[in-house]
Amino acid sequence: MSDTESSESGAHEHHEHHHDVEGPGYATPQAAIEEAERETVAYVPSLYVGTDVDAPDFLSVVDVNPDSDTYTEVIDRVEMPNKGDELHHFGWNACSSSCHVEGLERRHLVVPGQRSSRLHIIDTKDRENPEIVKVIEPEEVYEYDLSAPHTVHCIPDGEILISMLGNEDGDLPGGFLELNDDFEIEGRWDPPGEIEMNYDFWYQPRHNVMVSSEWAAPKTYYPGFDLEDVEAGKYGHKLHFWDWERGQLQQTVDLGEEGMIPLEVRFLHSPEAAHGYVGAALSSNIFHFYEREKEWFAEKVIDIEPREHEDWDMPVPGLITDLLVSMDDRYLFFSNWLHGDVRMYDVSDPSNPRLADQLWAGGLYGPRHPTGEDDRPVVAGPQMLQLSIDGERLYWTTSLFSTWDNQFYPEEGEKGSVMLKADVNPRKGTMTLDEDFLVDFGEMPNGPARAHEIRWPDGDCTSDVWQ
Amino acid sequence: MTERDGTAAERDGDGDRHRVELRWRGGGTETVRAAAAESVLEAAERADIGLPFGCRTGACATCTGRLLSGKIEHEREPRALKTDSLADGYVLLCIARPKTDCRIEVGTDVHSDLVTNPWK
Ligand code: FES
């Protein structure tokens, strides 16, 4: 990969990798590609918040092993102890960034409730039958004047960092909460008030940098999306670059009008790389961010044009809600939740992504029955993505956030989400929808459920970081 | 409000309790009695009636109901409701305390009144 202009700045805070120590994860992204076995189960948060199903949210264990009798079925459900959580994003207690920490295992999932601010710790020692081993109640979280947990990343020394989108009252500012390796709240990671809005984050230890993005105050986005709030400046359009060692904000880059609501942020996986991408959901643009002479820059590199729709008064934005970079750093994938397409770009030259392939499934413009006329309809668009470590299978679910789903795809609450899959050919740069793969979250014992983020037990393209 | 010991049901005589009629749009009603220190959501839970909720702090609007008659008081600022929704009688049941007997429309459809598609 081309990273010549920034590899020098990788010299500071460079921790040598201790190959003699057995920790979790893989030594390098390339080792992950070569050594990882094919994914056999997927963990997927599944939820009832925002529907009339009176039951707690749960974590689904989905069988993704084609040799299994229960392929494409939800084979286990870990019910939460309370209702009303809105399970959303989640993460591992350890990833490849802590592969120097002996005795640590990639075994526990930290599964927050977006609405409840409750944190669940799930032990996946038995992969197919995980169990809840600890719950941190909202009151404990509020003590740090934080709420609305979002992204969970393990950090190199075995601790866990969680982005929090609001203060105790669901107002601004948000911040970061740190847990220790016993899953106790260690405290706040950041001095309060460094940023106002928060959302996703990713870090790159060799460059001593963490980048965070912005959604809005919980009280703004929780109830649903209102254009008036955008006009009133209540939604984010900035990226924040942090001194990773010190937890201090170093630089803020304003993405401006074309960078409205920057959500998921991903660095390239190579620990040497000082390049990454962020998807601006509302303005439907992808920005490339990079470091040059200790300064961070962000440039728009992909633009999704809004499209007319006969039932809509105004052109419909693509609404880029998720993106990911393949483990070999060659491809960028993202989803246009409203339009209904998944795109694949070749990013061998990080500042000049080249469209490689695109596929349509559901959404406002894609086929309603992409896997066959007899199959259940796809009632929303592609949303959270996950790629196999070898880069050959791309999976996605269709729910965004209960209240936003109800606004844009009301049928999602009635019929539930689906999980779909495409076969990817990284050599040719193509994707083909696998018409034999459909996980139906409409068929759950308590009623149709929404499905959100996807994780593999052995690490994945949206959680593993290398030192 | 000042805190007192004991459960809400114990410490409040019948004089302080109000009848709350919960009505679902699809049909169906239930009546619960709410003690003075209880929110409508808590009173419903005590009666084993499932109402939607999320944050329980007045920030997320998952528990939105609409007051049809009677009087309620929000025990703290209902942050998830805009001024015009409040004026239209929408209430957040996790922090709404009945001050008189009330009739309240409940269920997830009530919240969807507040969030229409802004582009349509
Ligand atoms: S439960 Fe969130 S506002 Fe009532």
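Condition (residue is within 14 Å of chain B (Cβ to nearest Cβ) and of a type in the set (D, E, K, R)) applied to the range A:33-42: is it met by at least one residue? Checked the range A:33-42: no residue is within 14 Å of chain B (Cβ to nearest Cβ) and of a type in the set (D, E, K, R).
Residue count for the range A:65-110 satisfying the condition of being at positive phi and either among the charged types (D, E, K, R) or within 16 Å of the ligand (Cβ to nearest atom) (or both): 2. So is B:Arg76 assigned to a loop (DSSP other than H, G, I, E, B), loosely packed, with under 14 Cβ neighbours inside 10 Å and within 11 Å of the ligand (Cβ to nearest atom) or not? Considered against the rule, which asks whether it is assigned to a loop (DSSP other than H, G, I, E, B), loosely packed, with under 14 Cβ neighbours inside 10 Å and within 11 Å of the ligand (Cβ to nearest atom), B:Arg76 comes out as yes. A Cβ distance below 9 Å, combined with a sequence gap of six or more or placement on separate chains, defines the contacts here; from the range A:184-201, residues that are of a type in the set (Gly, Ala, Ser) reach residues that are outside any loop (DSSP other than H, G, I, E, B) in the pairs A:Gly187/A:Leu177; A:Gly187/A:Glu178; A:Gly193/A:Gly175. Evaluate the range A:371-387: report whether one residue or more is under 15 Å from A:Phe333 (Cα atoms) and of a type in the set (D, E, K, R). Within the range A:371-387 (the criterion being under 15 Å from A:Phe333 (Cα atoms) and of a type in the set (D, E, K, R)), the answer is no, since none of the residues qualifies.
For B:Lys99, state whether it is farther than 20 Å from A:Asn406 by Cβ and either within 8 Å of the ligand (Cβ to nearest atom) or surrounded by fewer than 23 Cβ atoms within 10 Å (Cβ to Cβ) (or both). The answer is yes for B:Lys99. Restricted to the range B:32-73, and to residues there that are assigned to a strand (DSSP E or B) and out of contact with any Lys or Arg (no Cβ under 8 Å at 6 or more places or on another chain), the residue that is farthest from the ligand (Cβ to nearest atom) is B:Arg66. Restricting to the range B:79-109, name every residue that is away from every other protein chain (no Cβ under 11 Å) and in a helix (DSSP H, G or I). Answer for the range B:79-109, where residues must be away from every other protein chain (no Cβ under 11 Å) and in a helix (DSSP H, G or I): B:Thr83, B:Leu86, B:Ala87. In the range B:54-70, the residues that are at the interface with another protein chain (Cβ under 8 Å from one of its Cβ atoms) form Cβ pairs under 6 Å with partners that are within 6 Å of the ligand (Cβ to nearest atom) and assigned to a strand (DSSP E or B), at six or more places apart or across chains, as follows: B:Gly58/B:Leu92.
Restricting the range B:13-31 to residues that are of a type in the set (Gly, Ala, Ser) and in a loop (DSSP other than H, G, I, E, B), which is farthest from the ligand (Cβ to nearest atom)? Restricting to residues being of a type in the set (Gly, Ala, Ser) and in a loop (DSSP other than H, G, I, E, B), the top hit is B:Gly13.
Filtered by the rule that a residue be of a type in the set (Gly, Ala, Ser), in a loop (DSSP other than H, G, I, E, B), more than 12 Å from chain B (Cβ to nearest Cβ) and within 21 Å of the chain's Cα centre (by Cα), the range A:211-251 gives A:Ser213, A:Gly236. Selection within the range A:37-55: residues that are in a loop (DSSP other than H, G, I, E, B) and buried (at least 19 other Cβ atoms within 10 Å of the Cβ). The member of this set that is farthest from the chain's Cα centre (by Cα) is A:Val53. Looking only at residues in the range A:386-421 that are among the polar types (S, T, N, Q) and not in a loop (DSSP other than H, G, I, E, B), which one is farthest from the other protein chains (Cβ to nearest Cβ)? Looking at residues that are among the polar types (S, T, N, Q) and not in a loop (DSSP other than H, G, I, E, B), I get A:Gln386. State whether one or more residues within the range A:359-371 are over 20 Å from A:Ser399 (Cα atoms) and modelled with pLDDT of 95 or more. No, there is no match, as no residue in the range A:359-371 is over 20 Å from A:Ser399 (Cα atoms) and modelled with pLDDT of 95 or more.
Annotation: B:Gly50 fulfils all but one of (1) under 18 Å from A:Pro138 (Cβ atoms); (2) facing another protein chain (nearest Cβ under 9 Å); the unmet one is (1).
The values are calculated or read from the model by the stated rules, or taken from the named source; none is laboratory data. In this text, all values refer to a predicted model and were calculated from it rather than measured experimentally. Cβ sites come from the backbone with ideal geometry, for glycine too, and all protein chains shown count toward neighbours.
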